[in-house]
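Each value in this text was obtained by applying a stated rule to the coordinates, not by laboratory testing. From a predicted model like this one, the values you see are computed outputs, not experimental measurements. Every residue, glycine as well, gets a Cβ built from its backbone with ideal geometry; the counts of neighbours run over all protein chains shown.
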Amino acid sequence: MIKYADNTIAPQVRQMWKTVFGDPEAYVDIYFRDKYHNNNTLVYVEDGKPVASLQMLPYMFSFCGREIPIAYISGACTLPEYRRKGYMSALLKQSFHEMKKRNIPLSLLVPQEAELVDFYARFGFAPAFDAGMEELPSLKELLARHPDDLYGAYREFDEWFRGKDVTVQKSFDDFRSIVEEAALFGFPSKRNLMGMARIIDAESLLRVFARQYRDKNFSLSVKDFLLPENNDAFVVRRGECKRQCKECELHFHVGVDELVQLLLGYHTSSKDEPLRSLFPEKKPQMNFMLE
């Protein structure tokens with residue numbers, strides 16, 4: 001059975017995190033104080049015991065000149081003795097429906113191990129963020145420039161990313177947690193993270209894209225094997241996106257995994273025409289995610 005966490009289950013979710021990830025207690029304290037919320041936590045319960053869980057953390061994401069809500073999948077874990085029973089698969093599928101109810105059009109995650117890329121690909125996630133080669137600006141140096149002024153440090157931090165497209169944005173509360181976590185580990189250097197993305201609402205994202213690129217005119221069909229509401233034909237023309245009949249002539253067909261890469265501009269310059277011209281290449285960024 002899948003349910004949202006409550007105050008009785010929350011301590012068991014925390015213990016599950018400790019068992020699976022083995023993080024230091026001080027880090028777990030920060031996460032469960034600042035990021036964890038019952039109403040963002042799905043739990044698989046077997047015989048009255050929570051055996052798998054994940055969090056859907058809310059962030060804002062700059063996309064095509066706007067900021068849209070996203071859900072970042074965090075803490076996805078299953079107790080060792082309950083693995084290979086499909087519990088995480090069920091939780092991920094349920095999370096997509098919960099995001100849809102909340103009008104969240106896009107989900108992101110960072111696979112902690114290379115083999116998890118293939119696992120998440122089975123659920124429509126696709127690589128959309130490259131691991132950075134260069135170090136990001138130093139938080140330690142940033143704080144030194146703003147002694148006793150955490151909000152002043154946040155304003156400068158925010159300026160690093162707020163103007164960048166296809167980038168996960170952070171609130172002041174996010175920043176406060178980021179700083180505390182960094183201090184815990186001696187302010188290690190940070191780089192952009194390798195991440196994956198999954199479309200929850202194709203029409204919503206295509207609509208935002210159309211408004212930004214009013215000169216782009218095309219039609220396409222989308223195939224989504226998990227969210228049938230995304231299975232449709234769409235036409236983008238003159239700044240608008242509408243559904244159209246599947247019998248009409250279509251320019252191309254894409255799976256939901258390829259569509260998220262196109263919309264985020266992930267290595268689109270390597271695509272064949274007309275995709276290369278229709279979807280401008282960008283550099284999606286995800287970083288400082290309490291990783």
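Within straight-line reach of residue 242, meaning a Cα separation under 18 Å, sit the following aspartates and glutamates at least 8 residues removed in sequence or on another chain: 201, 203, 215, 224, 229, 232. Here the spin labels are modelled as points 7 Å beyond Cα on the Cα-Cβ line, and at residue 213 and residue 23 they lie 3.6 nm apart. Against the empirical 2.2 N^0.38 Å (N residues), region 21-73 has a Cα radius of gyration ratio of 1.46.
Residue separation of residue 130 and residue 103 scaled by 0.36 nm, minus their Cα-Cα distance, works out to 7.1 nm of gained length. Would you mind classifying region 1-134 by shape? Square roots of the alpha carbon gyration tensor eigenvalues, ordered a ≥ b ≥ c; an a/c under 1.5 is rounded, otherwise it is prolate if a/b is larger than b/c and oblate if not. It is rounded, given that a/c, with a ≥ b ≥ c, falls under 1.5. Based on DSSP H segments of at least four residues, each scored -39500 (n - 2.57), the chain has a per-residue ellipticity at 222 nm of -10000 deg cm²/dmol.
Given the options 158, 272, 173, which has the most mean-square fluctuation in a GNM of the chain, springs set between C-alpha atoms less than 10 angstrom apart? Taking springs between Cα atoms under 10 Å, the residue moving most is 272. Amide H to amide H, with H built 1.01 Å from N, residue 171 comes under 5 Å of no residue 5 or more places away or on another chain. Centre-to-centre, using Cα atoms only, region 4-24 and region 128-200 are separated by 26 Å.
Ranked from largest, the principal axis spans of the Cα set of region 133-263 equal 63, 29, 26 Å. Modelled this way, with points 7 Å down the Cα-to-C-beta line, the labels at residue 253 and residue 3 are 4.4 nm from one another. D by Stokes-Einstein for region 63-151, Kirkwood Rh over Cα pairs, 10 °C, 1.306 mPa s: 97 µm²/s.
Placing unit charges on the Cβ atoms only, positive for Lys and Arg and negative for Asp and Glu, gives region 1-111 a dipole magnitude near 360 debye about its Cα centre. Pairs over the 22 Å Cα-Cα cut-off, from the set 3/170; 101/223; 170/271; 140/170: 3/170; 170/271. Listed by chain and number, the aspartates and glutamates whose C-alpha is less than 15 Å from the C-alpha of residue 216, apart from same-chain residues fewer than 8 away, are 240, 273, 281.
Any chance you could give the angle, 0 to 90 degrees and rounded to 10, that helix 25-34 forms with the longest Cα principal axis of the chain? Compared with the principal axis, the helix lies near 50 degrees.
For region 134-192, the average shadow cast by the Cα convex hull is 4.0 nm², which is a quarter of the hull's surface. When the GluC sites (Glu not before Pro) in region 40-128 are filtered for DSSP coil states and for at most 15 other beta-carbon atoms within 10 Å of their beta-carbon, the remaining sites are 113.
Other residues whose C-beta falls under 11 angstrom from the C-beta of residue 36 contribute a net charge of +1, scoring Lys and Arg +1 and Asp and Glu -1.
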